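Derivation of every value follows stated rules applied to the coordinates shown; laboratory data play no part. Quantities reported herein were computed from a predicted structural model and do not represent experimental measurements. Cβ coordinates were reconstructed from backbone atoms using ideal geometry, including for glycine residues, and neighbour counts include every protein chain displayed.
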Amino acid sequence: MSEPETARKVFIHTFGCQMNVYDSAKIRAQLARDGWVATDCADDADLVLLNTCSIRDKAEQKMHSALGEYRRRKRRGAPLTLGIAGCVAQQEGVALLDRYPEVDLVFGPDGVPGVQKLVDAARSGQRVLDTTFLDLENYPFVEAVDPDAAGRVGAFVTIQKGCDNKCTFCIVPTTRGVEVSRPSGQILDEVRTLVACGIQEITLIGQNVNSYGLKVPGERTFAELLRAVAEIPGVARIRYTTSHPRDMGPDVVAAYRDLPNLTSHLHLPVQSGSDRVLKRMKRFYTRDHYLRLVDDLRAARPDLALTTDFIVGFPGEEDEDFEQTLSLLSEAGIVGSFSFKYSPRPGTPALKLVDRDPVPDDVASARLSALQARQRALQLAWNRTHEGRVVDVLVEGPSAHDEGVVCGRTSSNLMVNFVGDEALVGQTLPIRVTRSFTHSVRGEQV
Ligand code: SAH
Ligand code: SF4
Ligand code: F3S
């Protein structure tokens, strides 16, 4: 450890998905070993790291605009080390150092295990770049646990890094590299440590969790991993993300029948309801496969709440294709979705299709609005089905909007707000639903 006596402060600005949230916690955990203290206020930080996302152009642009403020502070003479981490760092590499003289450090997701050394080098006055992918054999998944886990209700646990799929729109294989499954013994140890800190809800994360373990002789499959996590005393709820519809097998479906602590919510990104578009995206499943899978899941878990992701305006998407996406919403009984306009990403295979078959931006925007309007109506209708019913809510914390109100979720991921004290956090309580809104419901203690 170097200089543990000085309380050097690190501020991490996190963009993007759960992987980045998790990586930021791992960065804090590792820097804490060197005496760094995390701060919520960038203004008094000695080190500012932007953990960036590149999934769509907008995400990338957010990083550039956030960086402006930190660069200005540095130009005004603040003794600040400034770093860019994550997916944009991996994608852009040295170009970021060239473009921004105030930036001291650039490293991709595979730099996280060695972050202490990288920060030390940057603090000694070097400009540091690390975008090499680590050796896949014995990939050094970080074991240090988030120092802030205590007092929380839920935590993420990574089960794999990277992705071996090549969905034609997607930058993730470029930014996160090939898929590596984390040894299940290590995953289970991390879950036990988190449970000992009071965590009750574990969310297993990976880009394609269903392929977990398949390439490692003797390793558990994803379904076996779910069972092993479910058996750990104190794990009240298990969630996971993200599943790929092609790879979800009958063993995972059966887990919904057998494991009561596996939650009644599944996020299963479909991207499009049209086979023609799915083919161009190289998703390797059909609409029919998706619908049959959903039927099997509902047979195993009748109250399963299904959410998904959609991309609209993918090159070559015609009105008929989009109609198929709209009709899938109700046919599959999807209660919530994230939907995005297709955004061309550097080096991805779909760029060839954009040149040939672009969808005009106004058409894509109109489709996005129509899809989101339909989704909001379906979500509200689903939320309304809860009115008058009593649901079990795991209380997560104070409401962000209302004083004296706490919020929590049901197993099916319904967000419930009710009048209550913060002392209820961590308890699972029966709540009667009284009113519903699009994104949440209101209730009262029974
Ligand atoms: N591994 C997950 C997805 C991770 S990215 C899976 O396979 O489902 C999260 C979501 O971002 C995707 O589901 C997709 O809907 C969206 N997305 C990814 N690349 C995109 C792009 N180039 N343009 C628009 N949306 C994109
Ligand atoms: Fe991207 Fe496809 Fe991998 Fe998901 S499965 S991360 S969409 S390449
Ligand atoms: Fe974004 Fe990288 Fe996640 S591109 S969505 S932060 S894997």
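Data table
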read-out	value
Percentage relative contact order, the stretch 154-384, counting C-alpha pairs under 8 Å, at least six apart	18
Cleavage-rule hits, chymotrypsin sites (Phe, Trp or Tyr not before Pro), the stretch 233-285, DSSP coil, Cβ neighbours within 10 Å at most 16	F284
Under-5 Å amide H pairs with D164, H placed in peptide plane, nonlocal only	E179
Per DSSP, loop trypsin sites (Lys or Arg not before Pro) in the stretch 1-85 with at most 11 further Cβ within 10 Å	R76
About the Cα centre, charge dipole magnitude for the stretch 9-130 (Lys/Arg +1, Asp/Glu -1 at Cβ), debye	240
Surface/4 estimate of mean projected area, convex hull on alpha-carbon atoms of the stretch 330-415, nm²	9.2
Angstrom value of the Kirkwood radius, inverse mean 1/r, which spans all Cα pairs in the stretch 154-384	18.7
Karplus-derived HN-Hα couplings along the stretch 422-436 (A = 6.51, B = -1.76, C = 1.60, θ = phi - 60°), whole Hz, x at Gly and Pro	4, 5, 7, 4, x, 8, 9, 10, x, 10, 8, 7, 10, 9, 10
Ellipsoid semi-axes in whole angstrom, largest first, where each is sqrt(5λ) of the Cα gyration tensor of the chain	34, 29, 23
Cα→Cβ-extended label distance, 7 Å offset, between R257 and R192, nm	3.1
Relative contact order %, the stretch 390-445, counting alpha carbon pairs below 8 Å whose residues are six or more apart	35
Coarse-grained scattering of the stretch 4-118 at q = 0.17 Å⁻¹, given as base-10 log I(q)/I(0) from a Debye sum over alpha-carbon atoms	-0.77
Amide H contacts of G213 (H built 1.01 Å from N, under 5 Å, at least 5 apart or other chain)	S181
E444-R75 FRET efficiency (beta carbon distance; Förster radius 51 Å; 0.05 resolution)	0.45
Residues with amide H under 5 Å from that of F284, placed H, sequence gap 5 or more	none
Most mobile of L214, L304, L47 in a GNM of the chain (Cα contacts under 10 Å)	L214
Across K74/K352; K117/K166; K9/K62; K58/K352, pairs whose alpha-carbon gap is larger than 31 Å	K74/K352; K117/K166
The stretch 219-300: GluC sites (Glu not before Pro) in DSSP coil with no more than 14 other Cβ atoms inside 10 Å	E231
Whole-angstrom gap from the stretch 142-207 to the stretch 26-68, using each part's C-alpha centre	19
Rounded to the nearest 20 debye, dipole of the chain from Cβ charges on Lys, Arg, Asp, Glu	480
Two-site label geometry, R276 and D303: point separation in nm, points 7 Å out along Cα→Cβ	4.2
Volume per residue that the Cα convex hull of the stretch 60-154 spans, once the total is divided by residue count, Å³	146
From phi via Karplus (6.51, -1.76, 1.60), per-residue ³J(HN,Hα) for the stretch 165-180 in Hz, x at Gly/Pro	7, 9, 3, 5, 8, 9, 8, 4, x, 6, 8, 10, x, 6, 6, 10
Positive dipole terminus of the chain, leading residue within P147, I334, S399 (C-beta point charges)	I334
Cβ-placed point charges (K, R +1; D, E -1), dipole of the stretch 154-384 about Cα centre in debye, nearest 20	340
Listed residues A364, G273, F169: farthest to the positive end of the dipole of the stretch 154-384 (Cβ charges)	F169
